Amino acid sequence: MTTPWLLVFLISLAFPAPTVNGVKIVTRQVAVGGFADIRTEYVTADRLRSEWQVTPERMGPIYPMASIVQEGDRERVFVLDLQAKEFVSYETDSRGTPLGAKSKQVSDSGGVLQIWIDHVDTGERKEILGYVARHIITREKRIASPKACSGSSESQTDGWYVDTSIMPEWRQPKKRLGGIVVASMVSADSAANCVDRVDKIEVHRAGMEPGFPVRVSTSLQSEIKDHDRARTIASSWGSEVVELQSGPIDAALFEVPPDFRQVDKLRSFFGTPPRRQVSGWDWLKERVQEIFK
């Protein structure tokens, strides 16, 4: 008589688990004060899964989390608490904003933040994780006008980058045509005259598009406005891709497990996932926004 475990093994051979082609990325990021995060991402032609577990010191237990983004006419996003087996779900518009979210009323600060970004290829090349990586230095300078709520800053990123073609098209950065990009930004300053105010931002880009970051380190000197005073702080952080593989991925990773329960709000402290591959600076800003929002 066939034993149960052998029967299961034979069935698995006859009906292997469905897979999809994609990319697996494991990234280690370290921010100010040794705040470390390991993130694992699985990316296919129309799906993204992120897994992370933040373990900051003296902040208590942080539970393993995951997010699933299903690309379509609208992006469907699922955020999962893997320990509690709970999840929340929402749809986003083309900018990644949840549908139905109320926009905050803001007004013009009357100030301008000029951002100058220059990417310089050093010409150095080396193999990282089986790919040819380019060594690129990025210098960014932000100059705030007197009425701006934002602060001035200077940063330098020393990075190694591989070609973005390793990623599916929908996860590749949009091609920038150079020149000046004009946008606006809600100020995070707590001063009364900057609450819900926006600066006009002008971005000037020079140099080449870096590509997909596999190893970067950033140092920053920034001006922090505290009511009527301004002070300068220095900080640094970095990230490194420790695993980068292309091939079959278990399709079940992009679906919510059937034993998970949908809830209105997750109890986990860090409930909002990174939705994309981000630089160390963007990643740090997202973490800060999660804490103080």
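Can you find, within region 125-135, the residue that is farthest from Arg205 (Cα to Cα) among those that are in contact (Cβ under 8 Å) with a residue 60 or more places away in the chain and either exposed (fewer than 11 other Cβ atoms within 10 Å of the Cβ) or touching a Gly at 6+ places or on another chain (Cβ under 9 Å) (or both)? Reasoning before the result, please.
Filtering region 125-135 down to residues in contact (Cβ under 8 Å) with a residue 60 or more places away in the chain leaves 128-131, 133-134.
Applying the additional criterion that residues be either exposed (fewer than 11 other Cβ atoms within 10 Å of the Cβ) or touching a Gly at 6+ places or on another chain (Cβ under 9 Å) (or both) yields 130, 133-134.
Values: Gly130: 30, Ala133: 22, Arg134: 19 Å.
Only one residue fits best here, namely Gly130.
Residues in region 107-124 that are over 25 Å from the mean Cα position of the chain (by Cα) and either in contact (Cβ under 8 Å) with a residue 12 or more places away in the chain or surrounded by 13 or more Cβ atoms within 10 Å (Cβ to Cβ) (or both): how many? It would help to see each step written out before you state the result.
First pass over region 107-124, keeping only residues over 25 Å from the mean Cα position of the chain (by Cα): 107-112, 122-124.
Keeping just the survivors that are either in contact (Cβ under 8 Å) with a residue 12 or more places away in the chain or surrounded by 13 or more Cβ atoms within 10 Å (Cβ to Cβ) (or both) gives 107-112, 122-123.
Of the residues in that region, 8 qualify.
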**Study point:** Pick from region 18-76, criterion within 30 Å of Ser235 (Cβ to Cβ), aliphatic (A, V, I, L, M) and not in a strand (DSSP E or B), ranking: modelled with the lowest pLDDT
**Key:** Met59
Practice item. List every residue pair whose Cβ atoms lie under 6 Å apart, where the two residues are 6 or more positions apart in sequence or sit on different chains, the first residue falls within region 190-219 and is surrounded by fewer than 17 Cβ atoms within 10 Å (Cβ to Cβ) and of a type in the set (Gly, Ala, Ser), and the second residue, located anywhere, is at pLDDT below 85 and assigned to a loop (DSSP other than H, G, I, E, B). Key: Ala191/His227
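Of the residues Gln221, Gln245, which is within 30 Å of Ser107 (Cβ to Cβ), modelled with pLDDT of 75 or more, out of contact with any helix residue (DSSP H, G or I) (no Cβ under 9 Å at 6 or more places or on another chain) and among the polar types (S, T, N, Q)?
On the way: Gln245 fails: within 30 Å of Ser107 (Cβ to Cβ).
After applying the criteria, what remains is Gln221.
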Point to revise | Some residue of region 270-293 being surrounded by 13 or more Cβ atoms within 10 Å (Cβ to Cβ) and modelled with pLDDT of 90 or more | key: no
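Test Val79 against the stated conditions and say whether it is modelled with pLDDT under 95 and closer than 25 Å to Ala206 by Cβ. Step through it out loud before you land on a result.
On the way: modelled with pLDDT under 95: yes; closer than 25 Å to Ala206 by Cβ: no.
Judged against the criteria, Val79 is not a match.
Pick from Val203, Val182, Val256, Val214: which is outside any loop (DSSP other than H, G, I, E, B), modelled with pLDDT of 80 or more and more than 23 Å from Ala133 (Cβ to Cβ)? Before the answer, list the steps.
Details: Val182 fails: modelled with pLDDT of 80 or more; Val256 fails: outside any loop (DSSP other than H, G, I, E, B); Val214 fails: more than 23 Å from Ala133 (Cβ to Cβ).
Testing whether each residue is outside any loop (DSSP other than H, G, I, E, B), modelled with pLDDT of 80 or more and more than 23 Å from Ala133 (Cβ to Cβ) leaves just Val203.
The values are calculated or read from the model by the stated rules, or taken from the named source; none is laboratory data. None of the values given here were measured: they were computed from a predicted structure. Glycine gets a Cβ as well: all are built from the backbone with ideal geometry, and neighbour counts include every protein chain shown.
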